Amino acid sequence: MVDPLERWRELGLPDKPDYAGLLTFAGMPYTQDAAQLDGVDVAIVGAPTDDLVSDRPGARFGPRAIRAASCPPGPHLETGIDAFSALRVVDFGDAAVLPADPVRTHEQIGRTVGQVVAAGAIPMVLGGDHSITEPNVRAVAAKHGPVGLVHFDTHTDTGTEVFDAELSHGTPMYRLVRDGHVVGSRYVQIGLRGYWPGEAEFTWQRQNAITSFFMHDVRELGIREVVERTVAAVGGGPVFLTVDVDVLDPVFAPGTGTPEPGGMTSADLLWACRELARRLQLVGVDVVEVLPTAIGAADVTALVAERVVREALTGIAQRRA
């Protein structure tokens, strides 16, 4: 296993400058050897693909940008917990994506996430477009059985097809529920707004007992009440957390493929991710649709996506403590 901090530790220093050394998430040790996942609590996995987007491409550059936005470990100032001390975290590198071949790409993402799950670790996957949630959840459900799902997004992603394509970043949740990998009654969507999908999709969701919180619900109820109701709906048992950064208002996440005004604040999203990770049995997490190449994005969107992962890690550490 490669320790990106080794040369600095030889000097007696606990960390390195953010801009120096091997690019791994938060400077964590790096490996692509599944045998070295023994004893690991959480493994970061990159899924750099955007072949299945229906609007602006560029999310294939998301995992690299999120890693670059990560800062060294340290105690969370609100909780007092350093997740990287409480948990053993490694960067497991990127899945072997194949440009222009989304089927084989998904197979490889599922294979890589499956190696993490088989080792008893929690995969935290950096996307990539939202289609990657399908192989992520399939790999997790192969070990844990059908899972609950907490889904932050502008869109439901429960279309049967998008532009006549069944495999798309707008269809993964439909396919996961349809195929029995996600339990509809344990599936909660948060932050919905905009102009898609339509009545057909919402009728199907009601038939499958899926819970939807629209942005007006978040505004009127407040994020704490939405989280309380989410925990009650999802209940006990294994849960997957998926965060599409377009759930945020474009002020907070300008670099995404389908921005929609009127979204969540980063403060609400980050708190919610930490609280859900603290209270639920998370068995997998992904954060998707980071478009660092978008005009005006700078590294704002990658930074908030990195913090989503970090807050989820903190919540997991709190739960185990």
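The values are calculated or read from the model by the stated rules, or taken from the named source; none is laboratory data. Keep in mind that this is a model prediction, so the values were computed, not measured. So basically every Cβ, Gly included, is an ideal-geometry build from the backbone, and we count neighbours across all protein chains shown. Areas reflect the complete protein model, heavy atoms only, side chains present, ligands, DNA and RNA absent. Shrake-Rupley method; radii C 1.70, N 1.55, O 1.52, S 1.80 Å.
Pairs linking a residue in the stretch 203-221 that is without any contact (Cβ under 8 Å) to a residue 60 or more places away in the chain to a residue that is open to solvent by 60 Å² or more (accessible area, probe 1.4 Å), with Cβ atoms under 6 Å and 6 or more positions apart or on different chains, are Ala209/Ser185. Of the helices (runs of 4 or more DSSP H) lying entirely inside the stretch 199-300, those carrying at least 2 residues that are over 28 Å from Asp82 (Cβ atoms) and either open to solvent by 10 Å² or more (accessible area, probe 1.4 Å) or among the small types (Gly, Ala, Ser) (or both) are 199-207, 215-221, 223-234. You will find that of Thr79, Thr105, Thr49, the residue that is more than 20 Å from the chain's Cα centre (by Cα), among the polar types (S, T, N, Q) and either within 30 Å of Pro259 (Cβ to Cβ) or buried (at least 16 other Cβ atoms within 10 Å of the Cβ) (or both) is Thr79 and no other. If the condition is being closer than 18 Å to Gly128 by Cα and either touching a residue at least 60 places away in the same chain (Cβ under 8 Å) or in a loop (DSSP other than H, G, I, E, B) (or both), then the stretch 167-186 contributes Leu167, Ser168, His169, Gly170, Thr171. Set side by side, the residues Thr265, Thr242 differ, and just one is within 19 Å of Arg175 (Cβ to Cβ) and out of contact with any Gly (no Cβ under 8 Å at 6 or more places or on another chain), which is Thr242.
When the stretch 175-208 is filtered for residues that are over 23 Å from the mean Cα position of the chain (by Cα), hydrophobic (A, V, I, L, M, F, W, C) and modelled with pLDDT of 95 or more, only Trp204 remains. The one condition from (1) open to solvent by 30 Å² or more (accessible area, probe 1.4 Å); (2) in a strand (DSSP E or B); (3) under 18 Å from Leu269 (Cβ atoms) that Gln189 does not meet is (1).
For Pro123, all conditions in the list (1) closer than 26 Å to Arg274 by Cα; (2) in a loop (DSSP other than H, G, I, E, B); (3) touching a strand residue (DSSP E or B) at 6+ places or on another chain (Cβ under 9 Å) hold save one; what is the number of the exception? The one condition Pro123 does not meet is (2). The single condition among (1) within 17 Å of the chain's Cα centre (by Cα); (2) modelled with pLDDT of 95 or more that Gln32 does not satisfy is (1). Pairs are defined by a Cβ separation below 7 Å, a sequence spacing of at least 6 or placement on different chains, a first member in the stretch 123-137 that is farther than 16 Å from Phe25 by Cβ and open to solvent by less than 10 Å² (accessible area, probe 1.4 Å), and a second member that is modelled with pLDDT of 95 or more and of a type in the set (Phe, Trp, Tyr); the pairs so defined are Val137/Phe240.
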